Protein chains: 2
Amino acid sequence: MYLKNNIRRLLVYRQCLLKLKELGFEVIYSYNLGREASVSPEQVRKDFSKFGIKGKRKAGYEIDHLLEALDIIFKKDKDQNVILVGMGNIGKALSNYKGFAQHKIVICAAFDIDPSKQTKSYKIPVYPVEDISRIVKMYHVKIAIIAVPKPAAQEVCNRLIASGIQGIINFSPTNLKHPKNIFINNIDLANEMESLIYFTLNQ
Amino acid sequence: MYLKNNIRRLLVYRQCLLKLKELGFEVIYSYNLGREASVSPEQVRKDFSKFGIKGKRKAGYEIDHLLEALDIIFKKDKDQNVILVGMGNIGKALSNYKGFAQHKIVICAAFDIDPSKQTKSYKIPVYPVEDISRIVKMYHVKIAIIAVPKPAAQEVCNRLIASGIQGIINFSPTNLKHPKNIFINNIDLANEMESLIYFTLNQ
């Protein structure tokens, strides 16, 4: 599944707005934000309007007002607990990724089949995969990250879904089978590289 | 920029075909591949046909023939050299990522401003960022990965483009300014998580 582009754009707008606010701006016009986000001013107005956010014809949008509205859309009033399965290279990098905290995304627990990686002394506790169901229920977790090797990914996916997980971000380079009511966002790093290479060398 | 979806689908088909080949299949129908890749059989036929790949009405597609055709499209006859800037958590994980080698993507050099990270004894040599232009020219590199902290990303991007880089995969959570003839594929991990959370909690 590819997630819808208007939600992606709202998240890019949010990023640009935070940057513009840091630079001291208080009010912004759709053409400013569009230029910053590399989209047309019409697209900016359309996207905001779709979510009931209105600017003033000549006075533009107040940045603080926009950020508040986006925080409501993305439920930024409280932390969002997620779990991480697989503490290899990618898993470890994600567990250390500072960008999540700024978005109120908290990796509350990690899991690995390797007993030498299971520890409670690391800043995120690492449990055996058999504990997934218990932890998901304890922390009311809805979202998981899969960062296990390809051969293990489908089994981990099944276990997550059986435990009550509803959305998965999958770093394992394989297309996971899943029921239709479960959201899966695949990030296949080699495929991302390949499509970039394709467009660059074929332009 | 969001890369076009048909190229992404071809890469997913390739992944599924390799898996089906491993399982012992030799011939495949568009509905088999569609089911495996979670797209419709019509879409599979349309995507292949667009790139001049034809199946036989009742005999389906030969998997080896499809894989060869995809290898030609994605220029898989030789290794593709790329460079990596930033050896923090994400950079290190990418430098260890085994999935690239399978796709003939080779990180031939990495760069970091921190002298303690600059070494030639690591399996990928790590140079100071001042050496980017020299190395890009020496290895005829066209593609780069940015994995530096947000405040450094634009400067690194400018330096890469000035050195002759034409395509960039950007893991830094910021929208980079760039000339129109340069391809940038942004992978913002927190935004990927947020859009997944949005769709999961709003279904």
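The values are calculated or read from the model by the stated rules, or taken from the named source; none is laboratory data. Computed from a prediction, not measured in an experiment: that's the story for all the values here. Note that each Cβ is placed from the backbone with ideal geometry, even for glycine, and that neighbours are counted across all protein chains shown. These area figures cover heavy atoms from the full protein model, side chains too; ligands, DNA and RNA do not enter into them. Shrake-Rupley method; radii C 1.70, N 1.55, O 1.52, S 1.80 Å.
What the table below lists for this structure:
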read-out: Failed item, numbered, when B:Gln15 is tested on (1) in a helix (DSSP H, G or I); (2) out of contact with any Pro (no Cβ under 9 Å at 6 or more places or on another chain); value: (2)
read-out: Single unsatisfied condition, B:Phe25 versus (1) modelled with pLDDT under 90; (2) assigned to a loop (DSSP other than H, G, I, E, B); value: (1)
read-out: Within segment A:34-87, considering residues that are free of Cβ contacts under 8 Å to residues at least 40 places away in the same chain and polar (S, T, N, Q), the one farthest from the other protein chains (Cβ to nearest Cβ); value: A:Ser49
read-out: Criterion violated by A:Lys117 - all others in (1) more than 9 Å from chain B (Cβ to nearest Cβ); (2) modelled with pLDDT of 90 or more satisfied; value: (2)
read-out: Filter result (without any contact (Cβ under 8 Å) to a residue 40 or more places away in the chain and buried (at least 16 other Cβ atoms within 10 Å of the Cβ)) within segment A:114-124; value: A:Lys117, A:Gln118
read-out: Some residue of segment A:139-146 being closer than 22 Å to B:Ser95 by Cβ, within 14 Å of chain B (Cβ to nearest Cβ) and under 20 Å from the mean Cα position of the chain (by Cα); value: yes
read-out: Residues located in segment B:147-173, provided they are surrounded by 21 or more Cβ atoms within 10 Å (Cβ to Cβ) and more than 7 Å from chain A (Cβ to nearest Cβ); value: B:Ala147, B:Val148, B:Ala153, B:Val156, B:Cys157, B:Leu160, B:Ile165, B:Ile168, B:Asn170, B:Phe171, B:Ser172
read-out: Subset of segment B:40-60 (residues that are surrounded by 16 or more Cβ atoms within 10 Å (Cβ to Cβ) and either more than 26 Å from the chain's Cα centre (by Cα) or at pLDDT below 90 (or both)); value: B:Ile53, B:Gly55, B:Gly60
read-out: Residue identified as closer than 23 Å to A:Asn96 by Cβ and among the small types (Gly, Ala, Ser) among B:Ala153, B:Ala162; value: B:Ala153
read-out: Exclusive hit being of a type in the set (A, V, I, L, M, F, W, C) and in a helix (DSSP H, G or I), set B:Val44, B:Val39, B:Val82; value: B:Val44
read-out: Residues within segment A:93-105 that are of a type outside the set (Lys, Arg) and open to solvent by 50 Å² or more (accessible area, probe 1.4 Å), tallied; value: 2
read-out: Segment A:147-203: number of residues that are hydroxyl-bearing (Ser, Thr, Tyr) and either touching a His at 6+ places or on another chain (Cβ under 7 Å) or part of a loop (DSSP other than H, G, I, E, B) (or both); value: 3
read-out: So B:Ile184, is it assigned by TED's automatic domain parsing to the domain that holds B:Ser133, among the β-branched types (Val, Ile, Thr) and either touching a strand residue (DSSP E or B) at 6+ places or on another chain (Cβ under 6 Å) or at negative phi (or both); value: yes
read-out: Count of residues meeting criterion [more than 22 Å from B:Lys180 (Cβ to Cβ), hydrophobic (A, V, I, L, M, F, W, C) and surrounded by 15 or more Cβ atoms within 10 Å (Cβ to Cβ)] in segment A:1-17; value: 5
